[in-house]
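S.K.: I have a structure here, written as structure tokens, and I will follow up with some questions on it.
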Amino acid sequence: MKKFFALVLALCMALSLVACGGSSSSDTTTEDTTGDVSTADSVEDAEASIAEDSTASDGELITVGFAQVGHESDWRTASTQSCQDVFTEENGYELVFVDCDNDSATQLEAVRGFIQQEVDYIIIDPIVSTGWDTVLTECEDAGIPVIVIDRTIDDSDKYAAWVGSNFTTEGLAAGEWLNAYTEAKGIEITGILVIEGTTGASATLGRTEGFQQIADAYGWTILDSQDGDFTQDGGQEVMESYCKSYEGQFNVVICQNDNEAFGAMTAMTNAGVSYGVDGDVILISFDACTAGLEYVQAGDINADFECNPLAAPFVAEVIEQLEAGETPETEVYMEEHWFTYDDTVSTFTVDGEEQTVTVVTDEVVEAQY
Ligand code: GZL
């Protein structure tokens, strides 16, 4: 949309110059709207940077089309809110938001709609990691930069940057923590059940891959691994089926996000299966949303491996860099923490790198997204 205003403005200037007998110039000077451009090392830095540099080169609002996965989880709500808080008119943006309701066809349609609307930038959180090259080529042909957040696109590199998390590391961390915890507690793992996220989502693929690597390394038995679609209902449905099919055969449940864990807790309670720090089943989750940390603090979830949803300030930094003609980092990784009920395991290693845990307290819960 900015391009449209710039064209109209240039035409008006040309006409006014001709009308005044002056010569018109086809060159337009682009004021450099930003001074220092740095990759934010904290949300606060990024937000401060937005406040300073948020106008487009021609002073018009920067229109941003955002094709969001859906509204399936607390994590997703926080991710959407982060974008709505950053891409405001006050910060120099017009946000065109589409909730794609976990439907890939809808998401592709939304991106094509942004192209037709001639937005200035497109943000995509891809529901699944494949099927993207055609539409990203259309964005490239339209001259609209794409920024990918959170989940990854694995069949095309036609985007300016990706801001998100290392899902495989999250899976590795969960596995290594589980090994350290069961060793410290003298627990023998009899069987593991996994409730996966949405099939084909890179978050699912990465967490599954990372945890499977550790399970293979320690010779653990994963009895089953089914799709819970990152929802509470999905987690409950899969866990209900597991409680029937694997009664008495498992003492570890891995849920690939908090909302699945909430559903799994309901199913295990209904089936008379105890879980958590004082239960028969060790319950591990991912995301570490506020509600998830409350369950960790209560001892119902043994450990919660964070996936940070607050990407928007870093996306805005990328847009400011592009506006200034700079080349952004192609990958920006979010900072993440591993949360536990207590410090039975205070440190452990992942790929030889020491990891620390954060014991959940009232202050930790209060500060979470
Ligand atoms: C992970 C994100 C996942 C969360 C779920 O980065 O894509 O999708 O783990 C969400 O809560 O549904």
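The values are calculated or read from the model by the stated rules, or taken from the named source; none is laboratory data. Remember, predicted model here, so these are calculated numbers, not experimental data. For neighbour counting, all protein chains shown are included, and Cβ atoms are generated from backbone atoms with ideal geometry for every residue, glycine included. For the accessible areas, the whole protein counts, side chains as well, though only heavy atoms, and no ligand, DNA or RNA atoms are used. Shrake-Rupley method; radii C 1.70, N 1.55, O 1.52, S 1.80 Å.
S.K.: Rolling a 1.4 angstrom probe over the protein heavy atoms, how many square angstrom per residue are accessible across segment 80-156? Walk me through the intermediate numbers first.
M.R.: Values: 3120 Å² over 77 residues.
Per residue, segment 80-156 has an accessible area of 41 Å².
S.K.: Once you order the gyration tensor axes a ≥ b ≥ c over the Cα atoms, which shape class does segment 50-140 get: rounded for a/c under 1.5, otherwise prolate or oblate by comparing a/b with b/c? Don't skip to the end; give the middle numbers.
M.R.: Numbers: a/c = 2.52, a/b = 1.31, b/c = 1.92.
Since a/c reaches 1.5 but b/c is at least a/b, the shape of segment 50-140 is classed as oblate.
S.K.: What is the Cα centroid distance between segment 235-264 and segment 301-336, reported in whole angstrom?
M.R.: A separation of 32 Å, based on Cα centres.
S.K.: Still on this structure: Taking the Cβ-Cβ separation of D278 and E329 as r and a Förster radius of 56 Å, what is the calculated FRET efficiency to the nearest 0.05? Let's see the in-between values first.
M.R.: Values: r = 45 Å, r/R0 = 0.80.
That pair, D278 with E329, gives E of 0.80.
S.K.: What relative contact order, as a whole-number percentage, does segment 140-222 give when Cα pairs under 8 Å and 6 or more residues apart are counted? Provide the component values of the computation, followed by the final result.
M.R.: Details: 93 pairs, mean separation 27.8, N = 83.
33 percent.
S.K.: In segment 178-326, carbon and sulfur make up what percent of the accessible area (probe 1.4 Å)?
M.R.: Numbers: 2140 of 5120 Å².
The nonpolar share, carbon plus sulfur, comes to 42 percent.
S.K.: For segment 54-112, give the percent of accessible area contributed by carbon and sulfur heavy atoms, probe 1.4 Å, rounded to a whole number. Could the numbers behind the result be given before it?
M.R.: Numbers: 1050 of 2380 Å².
Roughly 44 percent, rounded to a whole number.
S.K.: With a/c under 1.5 counting as rounded, go ahead and sort segment 147-251 into rounded, prolate or oblate using the C-alpha gyration tensor (a ≥ b ≥ c being the square roots of the eigenvalues; past the cut-off, prolate if a/b is larger than b/c, else oblate). Present the calculation step by step, with values, prior to reporting the outcome.
M.R.: Details: a/c = 2.84, a/b = 1.55, b/c = 1.83.
Since a/c reaches 1.5 but b/c is at least a/b, the shape of segment 147-251 is classed as oblate.
S.K.: Could you order D227, D233, D300, D120 by accessible surface area, starting with the largest, using a probe radius of 1.4 Å? Walk me through the numbers before you get to the answer.
M.R.: On the way: D227 70, D233 115, D300 45, D120 5 Å².
Order by accessible area, largest first: D233, D227, D300, D120.
S.K.: Treating the Cα atoms of segment 219-369 as identical point scatterers in vacuum, please give the log10 of the normalised Debye intensity I(q)/I(0) at q = 0.09, 0.15, 0.20, 0.22 Å⁻¹, two decimals.
M.R.: -0.36, -0.83, -1.21, -1.35
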